[in-house]
Amino acid sequence: MSLHIQREFEITVRLIQSNLMGFSFIFIGALLLRVVRSPMLLAQSAAPTIDTVIIGLLCNYVFDIANQASSPEEDYLNKPSRPIPAGLISIGQAKVRWVLAWTLGPLYIYYCFGIWATLHLLHFQALTFACYVWPRWYPWFMRNYFASFSYLILTRLLNQVLESHGLGWDIGVFIDLIVTIWFFGSMQIQEFYDIDGDRKSGRTTLPMLLSDRGLTMLRAGTSTFIVASSSGLSLIPFYTKTYGVLAVSLCALQQILSCVLAYRILLSNSVRMDRATYHVYYYPTALSLLLFLGVII
């Protein structure tokens, strides 16, 4: 029994680890946003924190099991450590897990948090199915669309979960919309380091469609968007009259991180640097922007 649990744990870790950072940002970032806006005692925040972690892992699993069970050939080329190419589970076993996750997940959400939270999860499942399973809506702009609108759907799901605790942590959609737009305008940086893998698997991404000059212009445009959006949002405190120490500190932090991120995108000279830019620099910048918005709006 213990060996079976250990094996299933290894399968699950390998299944979700490549997208764990992105899902962690969505859920932990949204939780921190509420803590910054409405601080409370550790004892009061324990239950919401546990729910946030559980829902985050559930959504991570829901996405990855569908993605990997429906297109294992891409993982054989790009990510051989995932459970199917590593030989830990067969495609049939992955599909059984897929059916269970997509059935029991919504039932759990409905039982614990109600119909609206369940509808958000079903919306996320439908978007995942359309983009990754059938009919695979994946022209070059769809990865940006999927990533950004998944963020909006899942933060609204978490809002329903946290609202159920009655802690006054209900947050309007405006902040989530701003971050959604930021993701939509910048998410293409995840494509820069995987052009060869995407070409081998037949996936169409924006960097693949561009010449070397066009790719340079895309990097410049992405860097400009990141710095311009950061600078523009930094003006909001002058309108809202928010001049506290925390607001000023977060304003400076998100501006500095945005400039560093933009610099790395623009002047990257290797696949390794592009990969580090996305995995190490991108989400801290997004988190600083999110927390800054939480303080000033």
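Tell me which of TYR281, SER270, GLY114 sits at the most positive position along the dipole axis of the chain, charges placed on C-beta atoms (Lys, Arg +1; Asp, Glu -1).
Of the candidates, SER270 comes out farthest on the positive side.
Would you mind getting me the FRET efficiency between LEU57 and LEU210? Use the beta-carbon distance for r and R0 = 41 Å, nearest 0.05.
0.70
For segment 1-166, what size does the Cα cloud have along each of its three principal axes, sorted from largest down, in whole Å?
47, 44, 26
Measure off 7 Å from each Cα along the Cα-to-Cβ vector at CYS259 and ARG136, then give the distance between these two points in nanometres to one decimal.
4.4 nm
Mean residue ellipticity at 222 nm from the helices of the chain, using -39,500 (n - 2.57) per DSSP H segment of n ≥ 4 over the full residue count, to the nearest 500 deg cm²/dmol?
Using -39500 (n - 2.57) per qualifying helix, the result is -25000 deg cm²/dmol.
Highest mean first, how do 152-165, 71-84 rank when packing is the count of other Cβ atoms within 10 Å averaged over residues?
Per-residue mean Cβ counts within 10 Å order the peptides as 152-165, 71-84.
Identify which of the listed values of semi-axes √(5λ) of the Cα gyration tensor in Å was calculated from the structure shown: (i) 31, 28, 16; (ii) 31, 22, 20; (iii) 41, 25, 22.
Evaluating semi-axes √(5λ) of the Cα gyration tensor in Å on these atoms matches (i).
With +1 assigned to the C-beta of every Lys and Arg and -1 to the C-beta of every Asp and Glu, and no other charges, what is the dipole magnitude of segment 1-137 about the Cα centre in debye, to the nearest 20?
Approximately 120 debye in magnitude.
Taking the highest mean first, how do the peptides 89-100, 285-296 order by number of other beta carbon atoms within 10 angstrom per residue?
So the peptides 89-100, 285-296, ranked by packing, come out 285-296, 89-100.
Coordinate-derived values only; no laboratory data. Quick caveat, the model's predicted, so the values are computed rather than measured. All Cβ positions, glycine included, derive from the backbone under ideal geometry; neighbour counts span all protein chains shown.
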